[in-house]
Amino acid sequence: MHTYTTLLILAMAVCACSCHSSKQSQQMQLTEIPAPVDGITETPAPIKPGTTIDVPEYSVIFKADDAYLHNVPVSVTPSGNAVIYIPSPSAIKSQPVRLADGYWLAPIPLTRQSRFTDYTYEAYAQLSESPSPSEVMQHLIPDAHPTVIVQLPVAASDTAAINRLIREGLPGCKTIR
């Protein structure tokens, strides 16, 4: 009888704690997870002020139709229905740099879902602020995207090392597209 009473009290305590915890968790989830955008629901974890993160140097090279080499890329969702990355005009420091074998050094981040806009680097750098996502959607060039994107474990400033990796077949590099 004593064991039965102890188990009953333990079960009631677990239920009481789990009910309270689940309500609290549900409230946190409702306030922290935004509405999904085109099926993407991930929210990055906040970084505490003063935290330093060591990010290894890398560069991104790409190939694309020559007609788009002077156009600013943005990243869209997998379906292409929404923009998820728009570079700041102040981030446009240079145009792509020609490399070996038809590759170009990307001056801004590229992803598998990068698409070219009709904004040229020169004109975009003159904007006082980034255009809105809906405005960028109107400036996407249909079917214009990098045909190959590769991430290299070399600083973007070391074009000699990048060209050497290209000529060697890109060993140790990550093909993104």
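Listing for the model above:
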item: Top-ranked residue in the range 56-81 [being among the hydroxyl-bearing types (Ser, Thr, Tyr) and loosely packed, with under 14 Cβ neighbours inside 10 Å; ranked as farthest from Pro107 (Cα to Cα)]; result: Ser79
item: Residues being closer than 13 Å to Val136 by Cα and among the hydrophobic types (A, V, I, L, M, F, W, C) - total across the range 63-79; result: 3
item: Given (1) more than 17 Å from the chain's Cα centre (by Cα); (2) surrounded by 13 or more Cβ atoms within 10 Å (Cβ to Cβ); (3) without any contact (Cβ under 8 Å) to a residue 40 or more places away in the chain, number of the condition Gln113 does not satisfy; result: (1)
item: Residue selected from the range 128-161 under the condition modelled with pLDDT under 95, under 20 Å from Pro73 (Cβ atoms) and aliphatic (A, V, I, L, M), by the criterion farthest from the chain's Cα centre (by Cα); result: Ala156
item: Filter result (touching a helix residue (DSSP H, G or I) at 6+ places or on another chain (Cβ under 8 Å), over 19 Å from Leu69 (Cα atoms) and among the polar types (S, T, N, Q)) within the range 125-158; result: Ser128, Ser130
item: Residue ranges of helices (runs of 4 or more DSSP H) in the range 61-177 with at least 3 members touching a Leu at 6+ places or on another chain (Cβ under 9 Å); result: 159-167
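The values are calculated or read from the model by the stated rules, or taken from the named source; none is laboratory data. Because the structure is predicted, anything quoted here is derived from the model rather than measured. Because the Cβ atoms are built from the backbone with ideal geometry, glycine has one as well, and the counts that use them run over all protein chains shown.
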